[in-house]
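Read the figures in this text as sums done on the coordinates, not as results from a lab. Keep in mind that what you see is a predicted model, and the values were worked out from it rather than measured. All Cβ positions, glycine included, derive from the backbone under ideal geometry; neighbour counts span all protein chains shown.
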Amino acid sequence: MPVSYNADDITAIRRPDGTYVEAVEPLGLPGVARQITVDGTSSNTTLTATCRRLSMRAVGADMRYAIGSSTQTATASSHFIAAGERLDIALPVTPNIAVIRNASTDGVLEVTELL
């Protein structure tokens with residue numbers, strides 16, 4: 001009989017779909033690679049509709065980002081990613097990401113969609 005894990009298990013990890021798993025699951029296989037130019041104007045990029053995770057790295061500047069299921073707008077109060085930082089995150093259905101620089105320096109957000 002399979003073991004059932006829940007939020008009370010210290011080793012349980014909650015997945016985006018609300019289920020739990022005992023061990024760390026792999027993020028996925030690299031899919032589409034994107035280089036998103038980041039400047040003083042928020043720009044939205046529609047990601048592959050079936051993509052549910054991504055790995056992103058800020059190159060050359062601190063940035064702000066917003067993620068959602070439709071067109072997004074990043075603002076000065078959106079999520080922060082520091083220059084040189086890499087984040088791996090889960091995505092909603094029909095994912096979109098918007099980015100804007102945090103200060104006066106432009107940069108590039110390197111994105112790897114994970115399948």
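If you keep only loop residues by DSSP, which GluC sites (Glu not before Pro) in the stretch 28-115 have at most 16 other Cβ atoms within 10 Å of their Cβ? Don't jump to the answer; show the numbers that get you there.
Details: sites: Glu85, Glu110, Glu113; in loops: Glu85.
When the GluC sites (Glu not before Pro) of the stretch 28-115 are filtered for loop state and at most 16 Cβ neighbours within 10 Å, Glu85 remain.
State the extension gain, in nm to one decimal, for the chain segment bounded by Leu29 and Thr48, taking 0.36 nm per residue of separation less the distance between their alpha-carbons.
Details: separation 19, 0.36 × 19 = 6.84 nm, distance 1.38 nm.
Between Leu29 and Thr48, full extension yields 5.5 nm more.
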Once fully extended, how much extra length lies between Asp88 and Ala103, figured as 0.36 nm per residue of separation less the alpha-carbon to alpha-carbon distance?
3.1 nm
What's the exposure ranking of Arg57, Arg101, going from fewest to most Cβ atoms within 10 Å?
Arg57, Arg101
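Pull out the extension gain between Thr19 and Thr73, defined as 0.36 nm times the separation in residues minus the alpha carbon to alpha carbon distance; nm, one decimal. Could you put the intermediate results ahead of the total?
Numbers: separation 54, 0.36 × 54 = 19.44 nm, distance 3.00 nm.
Full-extension gain reported as 16.4 nm.
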